[in-house]
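Note sheet for the following structure.
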Amino acid sequence: MSTIVITVSNGTFTGTFATFSPFVTGGNTVATTLQEGISNATRALAFNNQLMVKGTVINDLITVYGINGQVVAKVKAAGEQTTLNLNRGIYLVNVKSSNSSTNFKVVIN
């Protein structure tokens, strides 16, 4: 675990993140960047205009947001892997299980 502290004009925000890797663009099967408080088994992959979320269990809630904050897709996982077709763009993906939540940034090329 590493702690990242960001100071803003009206106070301080402190967050603890499980992992942080460079921002990755689609085209390969790599796309996770920011993971917060969930098993390392959950991951998001972007390739061929598709988003694949792996490491989920039945009824985990997967919500995909466009860069403007609008919900683009919201589905319940049917098992270990869920695939969604998306247009080119930058997306924020939230995976929420019964006891934890994680966020990913992905780019679909």
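Only the coordinates and a few stated rules stand behind these numbers; no lab work does. As the structure is a prediction and not an experimental result, all values here were calculated from the model. Neighbour counts run over all protein chains shown; Cβ positions are idealised from the backbone, glycine included.
Counting other C-beta atoms within 10 Å, which of Ile90, Ile108, Ile58 has the fewest, and how do the rest follow?
Ordered from fewest to most neighbouring Cβ atoms within 10 Å, Ile90, Ile108, Ile58 come out as Ile58, Ile90, Ile108.
Below 15 angstrom from the Cβ of Leu45, what's the summed charge of the other residues (Lys, Arg +1; Asp, Glu -1)?
Net charge around Leu45: +2.
Please list, or write none, the lysines whose alpha carbon is within less than 17 Å of the alpha carbon of Lys105, excluding same-chain residues fewer than 8 places away.
Within reach: Lys54, Lys74, Lys96.
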